[in-house]
Amino acid sequence: PGVPSRSWSSWLPWSPSFRPVPQQDPEGNGPPALVPASPRGHPSGGDLVMTEVRISGSDGSGPLLPTTIPSLNPSAAGGGLDDAQASHSPHPTLNLSSAGLQAFGRWGEGIAPFVMLLTLVFVYEHGRCMLLFGWLTLFLSQANEVVKRQVCLKERRSRSIVGGVMFLLLLQVFALYAWFGGGDMYRHLAFLDAPRPSTSFLELLWVVSSNDVVARYAGMSVKCLILALLPTSFSHRRVGQAMNMVEASFIFYRGMLPVPHWYSYLLTWPGGLYLPTVVRGCYLTIKVSSLLQAGNLLRSALEAFWAHRSVYGRLLADDELAHFDGPCTICHDDMTSPIQLHCNHVFCEDCVHEWLSRERTCPLCRTEVMVRRQLLATDGTTSLLPVLF
């Protein structure tokens with residue numbers, strides 16, 4: 001009571017062009033029902049229309065509140081989206097996307113049997129090579145873990161274990177040559193036989209991958225031989241440098257192995273006058289760059305082993321050691337083969353190498369120790385990634 005019955009739609013700019021007509025329940029026990037009035041020259045433009053609700057008391061008076069209710073019959077009121085509104089609606093796009101996905105799914109169902117058939121044919125023709133390559137890689141990974149464990153044992157390593165691993169590695173190589181006929185395979189390892197230019201792509205991949213596996217087996221066999229022949233009193237750091245030198249040597253050798261095969265293959269592929277030359281030039285440029293990087297690592301490994309140099313600092317002579325009093329702060333013993341880091345702190349060579357193999361900071365001042373070149377594998381590890389190009 002006392003509230004004016006003026007409609008809120010006259011105050012709001014977005015008010016609809018029609019209002020519902022409230023009809024009171026005959027019994028007078030409930031709220032008025034909302035019946036939309038006839039549109040006033042403006043068709044309904046969607047699923048929701050703006051209406052007004054009168055909150056009336058017992059005397060039927062009260063304010064009108066704007067609200068929205070679903071349109072009862074948009075088609076009868078001239079509803080439905082026109083062409084301009086339909087073009088901007090996201091629903092047709094979603095329908096087209098779902099239809100495209102359904103078409104793609106039906107296409108995939110149609111070609112799936114043929115893909116499975118081609119896969120079975122490929123596995124039947126090359127399954128022996130795939131199984132053999134997988135077995136050789138699996139055996140190499142297991143042997144790699146055994147060699148790393150023996151290197152970590154230092155003077156407690158077992159010569160019988162490393163000897164048994166070397167025997168099994170050589171047995172695997174001989175079995176590979178006996179199965180596939182090693183008349184030309186071992187000549188490829190020594191760069192004695194020129195590859196055939198008519199080799200297919202899959203055959204070329206098999207030749208390159210098999211040569212790389214044999215080279216990795218040879219590198220691990222050399223590491224086992226070194227571990228078996230070196231006395232247990234030999235410095236652990238020197239053993240790590242020997243492992244690093246062997247790994248760096250075989251990485252450089254493995255990088256050169258596929259070059260003759262790919263260069264011979266690129267002599268006849270692709271066809272054309274200028275494209276083969278461009279492809280060969282790009283391949284040789286990339287390959288020379290990678291070989292130079294491997295050569296730098298090999299030189300660093302050779303210097304560390306033969307010239308007794310360290311990548312962490314400078315080895316001190318006996319007269320220079322007189323200026324540094326006191327024991328090694330790592331082992332708390334007299335200095336043996338002292339090495340001076342870039343921060344001028346001095347430690348035993350074996351102690352600081354053991355420390356820096358786990359940390360990259362000085363044990364005293366915590367200054368980051370920079371190395372000239374990154375060490376490869378002082379723990380005896382062998383790379384399991386194949387070199388195919």
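Just wondering, is there one or more residues in region 242-261 that are of a type outside the set (Val, Ile, Thr), over 30 Å from Tyr186 (Cβ atoms) and free of Cβ contacts under 8 Å to residues at least 60 places away in the same chain? No, because not a single residue in region 242-261 is of a type outside the set (Val, Ile, Thr), over 30 Å from Tyr186 (Cβ atoms) and free of Cβ contacts under 8 Å to residues at least 60 places away in the same chain.
When residues in region 263-308 are screened for being more than 22 Å from Phe389 (Cα to Cα) and not assigned by TED's automatic domain parsing to the domain that holds Glu247, 10 of them pass. In region 108-134, of all residues being over 28 Å from the mean Cα position of the chain (by Cα) and at pLDDT below 85, the one that is farthest from Trp206 (Cα to Cα) corresponds to Tyr124. Screening Phe133, Phe139, Phe122, Phe167 for residues that are assigned to a helix (DSSP H, G or I) and either within 22 Å of Leu229 (Cβ to Cβ) or outside the structural domain of Gly219 (by TED's automatic domain parsing) (or both) leaves exactly one candidate, Phe167. Any residue at all in region 244-264 that's of a type outside the set (Phe, Trp, Tyr), modelled with pLDDT under 90, within 34 Å of the chain's Cα centre (by Cα) and part of a loop (DSSP other than H, G, I, E, B)? Within region 244-264 (the criterion being of a type outside the set (Phe, Trp, Tyr), modelled with pLDDT under 90, within 34 Å of the chain's Cα centre (by Cα) and part of a loop (DSSP other than H, G, I, E, B)), the answer is no, since none of the residues qualifies. Pairs are defined by a Cβ separation below 7 Å, a sequence spacing of at least 6 or placement on different chains, a first member in region 145-171 that is within 19 Å of Val213 (Cα to Cα), and a second member that is basic (Lys, Arg) and in a helix (DSSP H, G or I); the pairs so defined are Val147/Lys223.
Taking the criterion of being free of Cβ contacts under 8 Å to residues at least 12 places away in the same chain, outside any helix (DSSP H, G or I) and loosely packed, with under 14 Cβ neighbours inside 10 Å, the residues of region 265-317 that qualify are Trp269, Pro270, Gly271, Gly272, Leu273, Tyr274, Ala307, His308, Ala317. Exactly one residue out of Leu205, Leu192, Leu227 is in a loop (DSSP other than H, G, I, E, B) and either among the aromatic types (Phe, Trp, Tyr) or under 23 Å from Phe174 (Cα atoms) (or both), and it is Leu192. Checking each residue of region 324-335 against the condition of being small (Gly, Ala, Ser), within 21 Å of Ser233 (Cα to Cα) and in a loop (DSSP other than H, G, I, E, B) gives no match.
The values are calculated or read from the model by the stated rules, or taken from the named source; none is laboratory data. None of these values were measured; they are calculated from a predicted model. Quick reminder, even Gly has a Cβ in these numbers, built from the backbone with ideal geometry, and neighbours come from all protein chains shown.
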